[in-house]
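Working notes for the structure below.
The values are calculated or read from the model by the stated rules, or taken from the named source; none is laboratory data. Just so it is clear, the structure is predicted and the values come from calculations on it, not from any experiment. Every residue, glycine among them, receives a Cβ derived from its backbone with ideal geometry; neighbour counts consider all protein chains shown.
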Amino acid sequence: LSYLLIAIIGISLISCNCDEKKEKTMEEKIVVTDEQQDYLGITNKEYLSAASKRALKWRTDLGNEWFFEYKVFDLKGDFAYEEGVVRRDPSAMIKHDGKFYVWYSRSTGLSQGFGGDNEKDKVFPWDRCDIWYATSEDGITWKEEGVAVERGKKGAYDDRSVFTVEIMEHEGMYYLCYQTVGGVYNVRVKNQVGLAWSKSINGPWTKSEEPILSPADNGVWKGEEQNRFAVEKKGDFDSHKVHDPCIIPFKGKFYLYYKGEQMGEQITFGGRQIRHGVAIADNPKGPYVKSPYNPISNSGHEICVWPYNGGIAALITTDGPEKNTVQWAPDGINFEIMSSIKGAPHAIGLNRTADNEKNPTEILRWGLTHQYKSWDYQYIRGFETWNIKNHTAKGETKD
Ligand code: AAL
């Protein structure tokens, strides 16, 4: 009897394996058309590497107009490099009375980092900043016009620094949204987002009494030491800082895109854990409600977003596994990769006067960026981009 039992079990095991095998082979049988084989240059349709299987899932409707190359260059006038002055994180440019306008973070002097007396020191180049603005007729030669939004009075949520600003023009009103730090700028200080508005592009600006966006409050620090990596619980992607705000009017609402920094940030296989989120409001002044779909990007750094083809496009740079990609979301939330680029200018100030629908990356044809001359001093530079159709050598026909 026991022999019989063993035989039955054995047979059922074998048949079981066979079924599994059959299923597996059926699962793995990927049909490759001759066209796909030729486009992807696959040697043998019967032997598909993991890379080929991934390539077969790529979208086939994406044109090379999503791909671009770029160069950066020096600007003139007040945006020429000036030792001792920090000018960085330019907003988008908008046009008024024949002139381009831009807003940016401005501070002076060296930064001491976190080693000293944080109450007195300037810890980062973007610490102890005010928001300034400049104008230009051609986008090349710039005139610094003066301060637009200053840090708040002692005790205000923005009394330490106001920086990294964006502009939105909507129905005859101008809105500046920007990062804020209050109190002592130590390693664990939370960063928020403030808003200022004006009927005139030249100000004066009225500031929101409260921040319009704050970090998620579900992270828990470990211990009292000023160490941002020591946590009991990390919390949401934006539990430490909300950064790089940019408001886009979209589908009758206001989409505030931002970068989140998380308590207990780690370095992963994609580099720094930096993600993007969105908060949505019915009115420009808020209240802004964070989307339950956040994070909407698991990569990126400074926010760079623009409307395109009824949706929102985003340039994702610097951090995370999807860095150096251009993405697009029909609903402003569910972004897909549209191109993978070699690199891009950082902290871009987009040209909002561009004809966005001409080409998915038309708005990137030229604009502003910042560059580190040193750890202490950054300056605003120009950039231009172009699409390419073919990779050609000197003297080779392009088409
Ligand atoms: C930038 C932005 C934010 C950060 C710092 C100043 O590139 O991401 O603005 O706080 O760096």
- Item | Of residues in region 360-386 being away from the ligand (no atom under 16 Å from the Cβ) and part of a loop (DSSP other than H, G, I, E, B), the one nearest to the chain's Cα centre (by Cα) | Thr361
- Task: Find the residue count for region 249-262, including only residues that are crowded, with 20+ Cβ neighbours inside 10 Å and more than 13 Å from the ligand (Cβ to nearest atom).
- Result: 4
- Query: In region 112-131, what count of residues is obtained for those that are aromatic (Phe, Trp, Tyr) and within 14 Å of Ser161 (Cβ to Cβ)?
  - Reply: 2
- Query: Going by the structure shown, is Lys143 part of a loop (DSSP other than H, G, I, E, B), basic (Lys, Arg), away from the ligand (no atom under 16 Å from the Cβ) and over 26 Å from the mean Cα position of the chain (by Cα)?
  - Reply: no
- Query: What is the one condition in (1) surrounded by 13 or more Cβ atoms within 10 Å (Cβ to Cβ); (2) more than 16 Å from the ligand (Cβ to nearest atom); (3) touching a residue at least 40 places away in the same chain (Cβ under 8 Å); (4) not in a loop (DSSP other than H, G, I, E, B) that Lys71 does not satisfy?
  - Reply: (1)
- Message: Within region 281-301, take every residue that is crowded, with 18+ Cβ neighbours inside 10 Å and part of a strand (DSSP E or B) and give me the one that is nearest to the chain's Cα centre (by Cα).
- Response: Ser297
- Item | Checking Gly260 against (1) touching a Phe, Trp or Tyr at 6+ places or on another chain (Cβ under 6 Å); (2) more than 14 Å from Lys190 (Cβ to Cβ); (3) not aromatic (Phe, Trp, Tyr), the condition it does not meet | (2)
- Can you spot a residue in region 339-352 that is at pLDDT 95 or above, farther than 18 Å from Asp89 by Cα, over 18 Å from the mean Cα position of the chain (by Cα) and among the aliphatic types (A, V, I, L, M)? no
- Please tell me if Gly77 is surrounded by fewer than 17 Cβ atoms within 10 Å (Cβ to Cβ) and farther than 30 Å from Asn283 by Cβ. yes
- Message: Can you tell me which residue is nearest to Met168 (Cα to Cα) among those in region 277-300 that are in contact (Cβ under 8 Å) with a residue 40 or more places away in the chain and within 14 Å of the ligand (Cβ to nearest atom)?
- Response: Gly277
- Note on the structure: Reported set for region 193-227 where residues are over 24 Å from Tyr104 (Cβ atoms), surrounded by fewer than 18 Cβ atoms within 10 Å (Cβ to Cβ) and in contact with a Gly (Cβ under 8 Å, 6 or more places away or on another chain) is Asp217, Asn218, Val220
- Answer residue from region 223-246, given it is more than 16 Å from the ligand (Cβ to nearest atom) and part of a strand (DSSP E or B) and is nearest to Ser291 (Cα to Cα) among those: Lys233
- What strands (runs of 3 or more DSSP E) lie completely within region 306-353 and have 1 or more residues being within 15 Å of the ligand (Cβ to nearest atom)? 311-316
- Task: Among the numbered conditions (1) in contact (Cβ under 8 Å) with a residue 40 or more places away in the chain; (2) of a type in the set (D, E, K, R); (3) away from the ligand (no atom under 16 Å from the Cβ), tell me where Lys394 comes up short.
- Result: (1)
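Of the residues Lys29, Lys71, Lys95, which single one is modelled with pLDDT under 95 and not β-branched (Val, Ile, Thr)? Full working, then the answer.
Working: Lys71 fails: modelled with pLDDT under 95; Lys95 fails: modelled with pLDDT under 95.
Unique residue meeting the criteria: Lys29.
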- Tell me, which residue of region 109-136 that is within 16 Å of the ligand (Cβ to nearest atom) and in a strand (DSSP E or B) is surrounded by the fewest Cβ atoms within 10 Å (Cβ to Cβ)? Asp130
- Task: Taking the options Glu166, Glu150, name whichever one is without any contact (Cβ under 8 Å) to a residue 24 or more places away in the chain and under 17 Å from Ile201 (Cα atoms).
- Result: Glu150
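Report yes if some residue within region 108-121 is touching a residue at least 24 places away in the same chain (Cβ under 8 Å) and in contact with a Ser or Thr (Cβ under 8 Å, 6 or more places away or on another chain); otherwise report no.
Here is the first cut: in region 108-121, the ones touching a residue at least 24 places away in the same chain (Cβ under 8 Å) are 108-111, 114, 118-119.
Now restrict to residues that are in contact with a Ser or Thr (Cβ under 8 Å, 6 or more places away or on another chain): none.
Checking region 108-121: not a single residue is touching a residue at least 24 places away in the same chain (Cβ under 8 Å) and in contact with a Ser or Thr (Cβ under 8 Å, 6 or more places away or on another chain).
Could you grab me the full set of residues in region 82-107 that are in a loop (DSSP other than H, G, I, E, B), more than 16 Å from the ligand (Cβ to nearest atom) and touching a residue at least 60 places away in the same chain (Cβ under 8 Å)? Give the derivation first.
If we filter region 82-107 for residues that are in a loop (DSSP other than H, G, I, E, B), which is where we start, we get 82-84, 89-92, 97-98.
Right, trim to more than 16 Å from the ligand (Cβ to nearest atom) and you get 82-84, 97-98.
Those that are in a loop (DSSP other than H, G, I, E, B), more than 16 Å from the ligand (Cβ to nearest atom) and touching a residue at least 60 places away in the same chain (Cβ under 8 Å): Glu82, Glu83, Gly84.
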- Message: Go through (1) more than 16 Å from the ligand (Cβ to nearest atom); (2) crowded, with 20+ Cβ neighbours inside 10 Å; (3) more than 25 Å from Met173 (Cα to Cα) for Gly155 and report which single condition fails.
- Response: (2)
